[in-house]
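Okay, structure first, notes after.
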Amino acid sequence: MLQFDNRLLRELPGDGDTRNHSRQVLGALWSPVMPTPVAAPALLAYSREMADLLGLDVADLASSKWVNALAGNAVLPGMATYATCYGGHQFGNWARQLGDGRAIFLGETINDAGQRFELQLKGAGPTPYSRRADGRAVLRSSIREFLCSEAMHHLGVPTTRALALVTTGEAVVRDMFYDGNPVEEPGAVVCRVAPSFIRFGHFELPASRGDEALLRQLVEFTMARDFPELPAAADERLLHWFVEICERTARLMVHWMRVGFVHGVMNTDNMSILGLTIDYGPYGWVDNFDPSWTPNTTDANGRRYCFGRQPDIARWNLERLAEALAVIAPDPQGLAQGLARYDATYSEEFRSAFAAKFGFATWREADAALIEEGFGLMHRAEVDMTLFFQNLAHMPGEKPDPIHLLEAFYSEELFDRHKDEFQAWLSRWAARVREDAEATESRLVRMNAVNPRYVLRNYLAQQAIDQAEQGDPGMIEQLLDVLRHPYDEQPGKEAFTAKRPEWARHKAGCSMLSCSS
Ligand code: AMP
Ligand code: MG
């Protein structure tokens, strides 16, 4: 039995309208709403680590009582169901009210260690925030969210988690590329878990409506519930809090750049106040290193959310949050300190992460140029990011040779064309590594701790999806298992480290994704 303590409902104003119809919700942060039951709930996958953390027995989770709850067909004692109200800037423009259009909370549970978690069903039917959409989610995007949340956790990247994935036995109609080709797809529901699902957009909406009282209430609530370590009521509390958000967001961006993750839709409604990766949609993993790569076809023209721009976009999003907080801040100018901390934290953390990725014991000023040139070469020669760092770690320092990087190349022609440049670069890299006078073994340990071997490559997720849609969920389990230890060598699992096969280069789901999910 989980213990529920639904503090958000208790402490923040709710919507008086209890009917489930699309509407503008004013003066309230949440609306009561029941999930819409589905035809045939079945448990497809679960995270045993997440179940453990909640104090939930795996046998319990697989019981029909829980499977029904995870599909939205039953509400267990202590749970409360609601959707929250937020706005957001989408692709740079203010989009006004958005809200949980297809996420329904099951309440907040507290585990034996006293940790609080919000539980949320994604895809459990319409809410007052669904606008004209159906509140549902398809299996493919639910598998992607389930696997990637857990993979990110095991990589050490702050993230919301996934407890379980259930299929609904119902079809959902989606036009995957918005090109007039709607098809029926299997539906699914993911149960997501996080200490808080509060987003930047939750603050932007009341600020944009001039509802200072509501904004103040939400700020006080978030500081008290989600940031208990902040100094007790002091004049500068709000500023301390904003600085903390900026630092966490900066650290998150360094993690994404370190592991090669591209979120794909960094709208302010998809930015977590806790600095977690949130809302896995058309995300992707960098195969051949390319800062301009975006997995999101909706973003293909502007490339606002491409790999290399993520740190700048996060800062832009923090500026929007600062504007919202300025409405009630005792010292609005002071919020600039937070943004300055963002810049400083990002560059400090980037240096330490990338010094480790390249195998340097500490960061030196001159390393910036060497790393930049390395990135330029990797980009021009279409080198696989993950395999590059794996192979670099094992480069013989006395006699570096680009041939040891061959596995990371997608094209032999590009290897031949660029091998002399790589030779020159590797000689400088090796000289730099020798300056540290460090044993190879300890350098390897450091590099292996930050350079993942196993990431959720886009084509791997797609293979798991294709098989699950054909009725075989086995690969979901295999991926979940291999991604539990992303930095370790796993004998027999080498196939999961393979670079993107040629068939996946331009295939839907592998390199091209959309928000239609
Ligand atoms: P996203 O791009 O997934 O972050 O979603 C942006 C907004 O659209 C959020 O308010 C979502 O809740 C809403 N939304 C996305 N898909 C659906 C859907 N199928 N039904 C209802 N609302 C949706
Ligand atoms: Mg979203």
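The values are calculated or read from the model by the stated rules, or taken from the named source; none is laboratory data. If you're wondering where the values come from, they're calculated on a predicted model, not measured in any experiment. So basically every Cβ, Gly included, is an ideal-geometry build from the backbone, and we count neighbours across all protein chains shown. The area values use the complete protein model at the heavy-atom level, side chains included, leaving out ligands, DNA and RNA. Shrake-Rupley method; radii C 1.70, N 1.55, O 1.52, S 1.80 Å.
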**Asked** Right, ALA498: surrounded by fewer than 20 Cβ atoms within 10 Å (Cβ to Cβ), on the phi < 0 side of the Ramachandran plot, among the aliphatic types (A, V, I, L, M) and out of contact with any strand residue (DSSP E or B) (no Cβ under 6 Å at 6 or more places or on another chain) or not?
**Response** yes
**Fill in**
The number of residues in the range 440-466 that are more than 16 Å from SER141 (Cβ to Cβ) and of a type in the set (Asp, Glu) is 1
**Request:** Take the residues in the range 7-62 that are in a loop (DSSP other than H, G, I, E, B) and in contact with an Asp or Glu (Cβ under 6 Å, 6 or more places away or on another chain), then tell me which one is nearest to ASP211 (Cα to Cα).
**Result:** ALA28
**Prompt:** Are there any pairs with C-beta distances below 6 angstrom linking a residue in the range 296-311 that is within 19 Å of ASP279 (Cβ to Cβ) to a residue that is open to solvent by 50 Å² or more (accessible area, probe 1.4 Å) and not in a loop (DSSP other than H, G, I, E, B), with the two at least 6 apart or on different chains, and if so which?
**Reply:** THR297/MET512
**Request:** May I ask you to list the residues in the range 265-278 that are within 11 Å of ligand 2 (Cβ to nearest atom) and touching a residue at least 60 places away in the same chain (Cβ under 8 Å)?
**Result:** VAL265, ASN267, THR268, ASP269, ASN270, MET271, SER272, ILE278
**Item:** Pairs where the first residue, in the range 233-246, is within 22 Å of THR277 (Cα to Cα) and the second is of a type in the set (S, T, N, Q) and open to solvent by 30 Å² or more (accessible area, probe 1.4 Å), C-beta under 9 Å, 6+ apart
**Value:** PHE242/GLN337; VAL243/GLN337; CYS246/GLN337
**Request:** With the condition kept exactly as written, say whether any residue in the range 390-405 is farther than 22 Å from ALA498 by Cα, of a type in the set (Gly, Ala, Ser), surrounded by fewer than 16 Cβ atoms within 10 Å (Cβ to Cβ) and in contact with a helix residue (DSSP H, G or I) (Cβ under 8 Å, 6 or more places away or on another chain).
**Result:** yes
**Message:** For ALA468, only one of the following conditions fails: (1) part of a loop (DSSP other than H, G, I, E, B); (2) open to solvent by less than 30 Å² (accessible area, probe 1.4 Å). What is its number?
**Reply:** (1)
**Complete:** Checked the range 161-173 for anything crowded, with 24+ Cβ neighbours inside 10 Å and within 16 Å of ligand 1 (Cβ to nearest atom); matches are ALA162, THR168
**Request:** Considering every residue within the range 413-436, establish whether at least one is among the polar types (S, T, N, Q) and more than 27 Å from the chain's Cα centre (by Cα).
**Result:** yes
**Item:** Lone qualifier among GLY359, GLY338 - being buried (at least 16 other Cβ atoms within 10 Å of the Cβ), touching a residue at least 12 places away in the same chain (Cβ under 8 Å) and on the phi > 0 side of the Ramachandran plot
**Value:** GLY359
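Each row is one residue, and each column tells you yes or no for (1) over 22 Å from the mean Cα position of the chain (by Cα); (2) closer than 30 Å to GLY471 by Cβ.
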position	(1), (2)
GLY180	yes, yes
VAL183	yes, yes
ARG192	no, yes
PRO206	yes, no
THR222	no, no
**Asked** Has the range 262-281 got at least one residue that is under 18 Å from ALA504 (Cβ atoms) and more than 16 Å from ligand 1 (Cβ to nearest atom)?
**Response** no
